[in-house]
Amino acid sequence: MYLSQLTLNPLNRQVLSELARPYEMHRTLTTRCFDGTTITAQHNTARAEAPSTGAHGLLFRLDEDSRNNQIVLLAQSQTEPNWAGLPDGYALEVHGPKVFNLKDKLAAGQMFGFRLRANPTKRMGKSAERQDTIGKRVGIYEEEDQLKWLTRKGEQHGFKVLRAQIEKDQVLTGHKKEHAMKWLSVQFNGVIEVQDPTELHNAIAYGIGTAKGYGFGLLSLSPLNRQ
């Protein structure tokens, strides 16, 4: 896999437009910075979400620092990007792509710090009052339920949540073509323990949760300093 960090230009009109339209940012990154190579995503479990990251397995996360007027984009892909293809003035700095492979470095019992910006949702069940809501996917808004969602995802994807907190909890709005869209954005930070290295590797490669093409699902790990 390839990992890159880009500092976007906060004065660029296209960047400003795509901050409110993350699907368009995904489109810009994929159409301008990848060749025609395609990949076939494979999972070792039927429980994992079907990949929705495009032909190149692109996952990205935006970290905005209003104090320093910085917009940092972290991008992960399974084919090598060519960031020189970005529109003029789109990015101020580009670091990477760097190649990384965690598949042989993950082991049961390891602990990592993590960050995940996700779109936690659930499907509506049968309702006598609203038959039309059956199967509809809705956001999970209560913090306790959001943490339970994260715990369930950990059980599905080979890790145990040891500690987690919610740093951001907001609703993002935007448009896809002519349709107005809305996504619940929750950023989780904390510590996890590896339970199943293969499942966790798949979660890192293919993302967690829904709306991956809108800047959600990228799971980042960092080693914990041992005393």
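The values are calculated or read from the model by the stated rules, or taken from the named source; none is laboratory data. Bear in mind the structure is a predicted one, so any value in this text is a computation, not a measurement. In this analysis, Cβ positions are derived from the backbone assuming ideal geometry, glycine residues included, and neighbour counts consider all displayed protein chains.
If you take the residues in the stretch 197-223 that are of a type outside the set (Val, Ile, Thr) and surrounded by fewer than 17 Cβ atoms within 10 Å (Cβ to Cβ), which one is modelled with the lowest pLDDT? It comes out as Pro223. Kindly indicate the residue of the stretch 135-164 that is farther than 24 Å from Ala107 by Cα and in a strand (DSSP E or B) and also nearest to the chain's Cα centre (by Cα) among those meeting that condition. Per the criteria, the residue is Gly139. Residues considered: Arg226, Arg163. Of these, the only one that is loosely packed, with under 14 Cβ neighbours inside 10 Å and at pLDDT below 95 is Arg226. Go through the stretch 72-86 and report how many residues are closer than 11 Å to Leu8 by Cβ and either at pLDDT below 95 or outside any strand (DSSP E or B) (or both). Qualifying residue count, the stretch 72-86: 1.
Kindly indicate whether Asp63 is outside the structural domain of Glu193 (by TED's automatic domain parsing), assigned to a strand (DSSP E or B) and under 30 Å from Asp196 (Cα atoms). So Asp63 passes the test. Scanning the stretch 92-113 for residues that are under 22 Å from Glu80 (Cβ atoms), assigned to a strand (DSSP E or B) and not β-branched (Val, Ile, Thr) turns up Leu92, Glu93, His95, Gly96, Pro97, Lys98.
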